[in-house]
Amino acid sequence: MATQLKNPKKHPKLNPNWAQLCEKLKINGSKKPLIKTSPASEPETQSTILGKRKERPYEQTNDSRPNPLIPTSSDCSVTDVIAMDCEMVGVSSVGNKSALGRVTLVNKWGNVIYDEYVRPMERVVDFRTKISGIRPHHLKKAKNFNAVQKEVAELIKEKILVGHALHNDLKALLLSHPKKDIRDTSEFHPFLKEGRSRALRHLAAEILGADIQNGEHCPVEDARAAMMLYVKHRKVWEKHIKDFMKLKKKQEKRKHKKKPRGDEGQAAHE
C-alpha cells in the first residue's frame, strides 16, 4: 500500500503590514531603529550636552574678559595728567648700578604719547632682560640719554605726574618735579598696607583686576596701571592734596606771625 506523504504544516498568512515592517528592518540593518525614543529620555540627553557647554562659557569668560588697561579713548594728545614708567639696565664694572634703558609716558586715557629706548652714557653690563625686557638690539639705534631727558622734561613740565615709586624714575632721568604735582601710587595712603607701600602688580590685581608683571615688565602696561589707579581714586586723592596744601599754608602763616624770641626780648629790654 502506497504510503501517503504528510502535507507540510501550513503557515498562516502574515499580515501585509507586518511583512513590510520585517522587510524594512532587514534593509535598514544596523541603521537607527524605527522606534522613537521616548520624550522623557530626550531632555536627559540635552541636559547632559548643555551641562558640558556651560563649562565652556565660564572658561572663555576668564580668558576673554575685557582688559581693564585698554585705553578708554583714542585721543593721543598730551593731557594735564601724564603717567610715566621706566625700565633700567645695569652699568658699572659689575652691573649693579642702574641706568635708564627705556621710558614710557601715557596720557590720562592710557594712550602712549612717548616711548623710547635709551642709550646710557656708560657701557651696559647687564641688560636685566628678565625684568626690563630690554635686549642688546633695542639699544643699538636708541636715542642718547641727553636727547631723551630733554624731551621727557618738556612733556611733563607743569603736568600732574603719575607713577609708582617715581623717585626712582626721576633719579634715572636726572630730573626733578614739584612735589605738589606728583601722584605716586606707592605713597598714596589708601593703597598702603600696614603703613608700607605695595607692589604695583598687587595693586593692579586687587583694585583693577589686571594681571601685570608676570615675567618681563612692560612699561606701557605699568604706566597705564598707575594711571588707572589714579583715575579711579582721583576725587579722594585730589581732596587729600588740597587739604594738605591748605594745612601747609596755615602753618606758614603761623610761622610768619610768631615773632622770634630774640626780638621780643630786645623790645622788653628797651
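A single member of Val94, Val78 is more than 22 Å from Arg224 (Cα to Cα) and either buried (at least 16 other Cβ atoms within 10 Å of the Cβ) or touching a residue at least 24 places away in the same chain (Cβ under 8 Å) (or both), and it is Val94. Would a scan of the range 163-186 turn up a residue that is basic (Lys, Arg), at pLDDT 95 or above and over 26 Å from Pro71 (Cα atoms)? Yes - at least one qualifying residue is present in the range 163-186.
Anything in the range 161-216 that is farther than 23 Å from Val118 by Cα, surrounded by fewer than 20 Cβ atoms within 10 Å (Cβ to Cβ) and polar (S, T, N, Q)? List them, or say none. Answer for the range 161-216, where residues must be farther than 23 Å from Val118 by Cα, surrounded by fewer than 20 Cβ atoms within 10 Å (Cβ to Cβ) and polar (S, T, N, Q): Ser186, Ser197, Asn214. Of the candidates Ala165, Ala172, the single residue that is closer than 17 Å to Leu105 by Cβ and more than 21 Å from the chain's Cα centre (by Cα) is Ala172.
Being aliphatic (A, V, I, L, M), without any contact (Cβ under 8 Å) to a residue 40 or more places away in the chain and under 20 Å from Thr79 (Cβ atoms) narrows it down to one of Leu175, Leu203, so name that one.
Being aliphatic (A, V, I, L, M), without any contact (Cβ under 8 Å) to a residue 40 or more places away in the chain and under 20 Å from Thr79 (Cβ atoms) holds for just one of Leu175, Leu203, which is Leu175.
Of the strands (runs of 3 or more DSSP E) that lie entirely inside the range 67-132, those containing 1 or more residues that are under 17 Å from the mean Cα position of the chain (by Cα) and modelled with pLDDT of 95 or more span 81-91, 97-106, 112-119.
The values are calculated or read from the model by the stated rules, or taken from the named source; none is laboratory data. Bear in mind that the values here come from a model prediction, so they are computed numbers and not experimental data. Note that we place each Cβ from the backbone using ideal geometry, even for glycine, and neighbour counts take in every protein chain shown.
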